[in-house]
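The values are calculated or read from the model by the stated rules, or taken from the named source; none is laboratory data. From a predicted model like this one, the values you see are computed outputs, not experimental measurements. Methodologically, a virtual Cβ is constructed for each residue, glycine included, from the backbone with ideal geometry; neighbour enumeration extends over all protein chains shown. Protein only, heavy atoms only, side chains kept; ligands, DNA and RNA dropped before computing areas. Shrake-Rupley method; radii C 1.70, N 1.55, O 1.52, S 1.80 Å.
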Amino acid sequence: MSEKIYIFDTTLRDGEQSAGVSFTPQEKLEIAKQLERLGVDIIEAGFPCASPGDLKAVQTIAAEVKDSTVCGLARAVKADIDAAWEGIRHAADPRIHVFINTSNVQIEHQLRKTPEQVLEQAEAMVRYAAQFTSNVEFSPMDATRTEYDFLYRIIERCIEAGATTINVPDSVGYGIPEEIGAFFRGISKNVSNIDRCCLSFHAHNDLGLCTANTITAIQNGVRQVEVTVNGVGERAGNTSLEEVVMALKTRKDILDFHTDINTREIYRTSKLIEAFSGMQVQWNKAIVGKNSFRHGSGIHQDGILKRRETWEIMDPEEIGIPQGTQLVMGKLSGRHAFRAKVDELGYTLSEIEINRAFDAFKELGDKKAVIDDRDLEAIISEQLGDVENPAWRLDHVQVSSGNRATATATLRLYDPEGNILEDAATGTGPVDAMYKAMRRITNIEPKLTEFRIKAITEGIDAQGVVTIRIEQHGRTYVGRASDTDILVASARAYTNALNRMIDCKKWNQQARANGGSA
Ligand code: KIV
Ligand code: ZN
């Protein structure tokens with residue numbers, strides 16, 4: 001039977017201590033309710049002595065939350081403990097969390113006390129807190145840089161004084177996994193009454209090791225972990241809730257532990273914290289980052305299409321990610337992913353159309369990092385709208401224009417026999433110059449009746465779709481093309497309309513020759 005790991009969330013306390021983060025009372029309540037829905041065991045709702053506003057927010061959370069323990073933080077001084085109790089006393093299950101600095105550097109230079117004074121103060125204040133509730137947590141701050149014998153003594157004395165949870169923080173993110181394992185084995189071995197409390201670990205991410213350290217702590221006797229959503233927290237942040245929870249869930253084969261977290265609420269919670277904290281989750285953040293389940297390389301996309309597990313160790317649905325696994329179309333995507341995407345968009349293309357569309361897609365991939373569905377639709381519909389054997393094909397276009405210059409266009413086209421023809425023209429603007437040069441080269445002079453241009457995606461690298469109508473002998477022909485360069489799109493839209501016109505005429509002639517009607 002796997003053992004339960006208690007999840008203590010300190011997003012509202014240590015998370016709010018991040019420079020630049022401050023939640024409104026309404027946001028705090030909403031976060032607390034979401035943490036309750038997520039299945040967090042203990043919510044550290046705030047630091048009630050910090051301000052009357054903090055006290056009020058903790059009181060509101062304590063009154064509303066029913067399924068999680070609500071905890072208030074206090075320094076090891078009476079006024080703080082009184083405020084903490086004032087904040088949480090009406091909670092369904094209140095906890096007071098008392099802390100004091102224990103490393104020599106902090107005792108000497110920050111508290112300006114002796115270790116003996118710290119020991120006595122901690123013991124007395126834990127005893128004081130235990131008068132209010134039997135649910136008292138004690139943290140020897142900067143524990144990983146504290147002298148071990150002193151650490152063992154202070155923990156032992158605080159358990160004796162009534163602490164039921166001993167939280168051992170790596171307050172400055174100094175620990176290395178192997179060392180953290182030995183550290184907790186040392187505590188379990190040298191603190192005689194350690195079996196009377198729940199052992200907890202609270203880590204910071206200064207060396208980017210806090211998730212690894214937390215997992216190692218669990219493997220060495222820790223049963224409560226202190227975490228924050230998205231890893232928000234002081235400096236480089238705290239251990240991230242989603243990473244620990246999903247590591248335990250995903251590696252059940254070697255980690256015989258479980259949590260009561262409803263993992264399907266993780267993504268929603270992450271988004272809420274992202275919005276309220278104003279701290280954007282980095283794209284490559286484990287579990288909740290935008291790219292966590294997006295695949296860009298052709299080899300990976302091919303594997304995913306054959307079986308998701310080839311490149312994913314977790315199911316995004318389990319994390320509540322609504323968009324699920326995503327294949328991001330770009331220059332590295334292969335034919336397999338491209339074809340699957342065309343099917344997904346609901347198009348049926350012939351082999352020739354698929355090949356041409358794939359070439360156009362690769363060409364666009366060199367200009368645009370991410371090709372979205374709208375880009376693909378433009379490429380595909382251009383192929384659908386193209387004739388099977390185009391008579392005229394664009395080889396090269398060069399345009400110069402400006403407010404004090406005459407617009408000039410130079411064009412090179414392949415004619416129906418495959419010869420290259422080149423000419424240039426000037427015009428009232430670049431499109432006019434281009435279309436005049438087209439007429440000179442092709443010797444076909446249809447009337448341009450409509451020219452429309454539309455951006456199909458956002459941003460500077462957006463594709464423009466050009467739609468034109470040309471008229472000849474009372475009939476209208478439409479041409480369409482898309483490109484990140486609108487002048488190239490304009491030139492290709494023209495050849496597209498011309499080819500449709502020629503194709504149509506050919507078809508009519510054949511129909512007449514066969515005795516049918518057009
Ligand atoms: O990092 C730390 O040591 C803390 C304590 C208050 C637990 O946040
Ligand atoms: Zn902390």
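Working only within the range 7-20, note down all residues that are of a type in the set (A, V, I, L, M, F, W, C) and either buried (at least 24 other Cβ atoms within 10 Å of the Cβ) or within 23 Å of Glu137 (Cβ to Cβ) (or both). Matches in the range 7-20: Ile7, Phe8, Leu12.
Among what's in the range 382-393 and is outside any helix (DSSP H, G or I) and open to solvent by 40 Å² or more (accessible area, probe 1.4 Å), pick the residue that is farthest from Ile456 (Cα to Cα).
Restricting to residues being outside any helix (DSSP H, G or I) and open to solvent by 40 Å² or more (accessible area, probe 1.4 Å), the top hit is Asn389.
All but one of (1) open to solvent by less than 30 Å² (accessible area, probe 1.4 Å); (2) away from ligand 2 (no atom under 16 Å from the Cβ) hold for Ala130; state the number of the condition that does not hold. Status for Ala130: all satisfied but (1). Residue check: Tyr148 meets all listed conditions (1) crowded, with 18+ Cβ neighbours inside 10 Å; (2) aromatic (Phe, Trp, Tyr); (3) away from ligand 2 (no atom under 15 Å from the Cβ) but one, namely (1). Looking across the range 468-518, the residues that are of a type in the set (Gly, Ala, Ser) and outside any helix (DSSP H, G or I) come down to Gly474, Gly479, Ala481, Ser482, Gly515, Gly516, Ser517, Ala518. Taken over the range 229-256, residues that are within 16 Å of ligand 2 (Cβ to nearest atom) and surrounded by fewer than 22 Cβ atoms within 10 Å (Cβ to Cβ) amount to 3. The set of residues from the range 214-228 being open to solvent by 40 Å² or more (accessible area, probe 1.4 Å) and assigned to a helix (DSSP H, G or I) comprises just one member, Gln219. Here Ala83 qualifies as over 22 Å from Thr228 (Cα atoms), touching a Leu at 6+ places or on another chain (Cβ under 8 Å) and away from ligand 2 (no atom under 16 Å from the Cβ). You will find that of Ser240, Ser192, the residue that is more than 16 Å from ligand 1 (Cβ to nearest atom), out of contact with any Pro (no Cβ under 7 Å at 6 or more places or on another chain) and free of Cβ contacts under 8 Å to residues at least 60 places away in the same chain is Ser192 and no other. Which of the residues spanning the range 303-322 are in contact (Cβ under 8 Å) with a residue 24 or more places away in the chain, part of a loop (DSSP other than H, G, I, E, B) and either surrounded by 14 or more Cβ atoms within 10 Å (Cβ to Cβ) or not aliphatic (A, V, I, L, M) (or both)? Selection gives Met314, Gly320, Ile321, Pro322. Here Arg37 meets the list (1) touching a residue at least 60 places away in the same chain (Cβ under 8 Å); (2) surrounded by 15 or more Cβ atoms within 10 Å (Cβ to Cβ) almost entirely, failing just condition (2). Kindly establish whether Glu44 is touching a Cys at 6+ places or on another chain (Cβ under 6 Å) and within 16 Å of ligand 2 (Cβ to nearest atom). Yes; evaluated as a whole, the condition is true for this residue.
For the range 257-272, the criterion of being surrounded by fewer than 22 Cβ atoms within 10 Å (Cβ to Cβ), in a helix (DSSP H, G or I) and out of contact with any Gly (no Cβ under 9 Å at 6 or more places or on another chain) is met by at least one residue. A count restricted to the range 92-119 and to residues that are more than 16 Å from ligand 2 (Cβ to nearest atom) and either open to solvent by less than 10 Å² (accessible area, probe 1.4 Å) or not assigned by TED's automatic domain parsing to the domain that holds Phe138 (or both) stands at 4. Reported count of residues in the range 170-213, each being among the small types (Gly, Ala, Ser), open to solvent by less than 20 Å² (accessible area, probe 1.4 Å) and within 14 Å of Ser240 (Cα to Cα), is 2.
For the range 207-228, residues that are charged (D, E, K, R) and either touching a helix residue (DSSP H, G or I) at 6+ places or on another chain (Cβ under 8 Å) or within 13 Å of ligand 2 (Cβ to nearest atom) (or both) total 1. Would you call Ile154 away from ligand 2 (no atom under 16 Å from the Cβ), surrounded by 22 or more Cβ atoms within 10 Å (Cβ to Cβ) and either at pLDDT 95 or above or assigned by TED's automatic domain parsing to the domain that holds Trp85 (or both)? So Ile154 passes the test.
Of the helices (runs of 4 or more DSSP H) that lie entirely inside the range 20-133, those containing 1 or more residues that are closer than 27 Å to Leu151 by Cβ and of a type in the set (Val, Ile, Thr) span 78-88, 115-130. Here Ile420 fits the description: open to solvent by 80 Å² or more (accessible area, probe 1.4 Å) and either among the β-branched types (Val, Ile, Thr) or outside the structural domain of Glu363 (by TED's automatic domain parsing) (or both). The single residue among Pro140, Pro169 that is in contact with a His (Cβ under 6 Å, 6 or more places away or on another chain) and either within 20 Å of Phe8 (Cα to Cα) or assigned to a helix (DSSP H, G or I) (or both) turns out to be Pro169.
Filtering the range 122-167 to residues that are in contact with a Cys (Cβ under 8 Å, 6 or more places away or on another chain) and among the acidic types (Asp, Glu) leaves Glu123, Glu137.
If you go through the range 81-102 and keep only what is acidic (Asp, Glu) and over 13 Å from Val136 (Cβ atoms), you end up with Asp82, Glu86.
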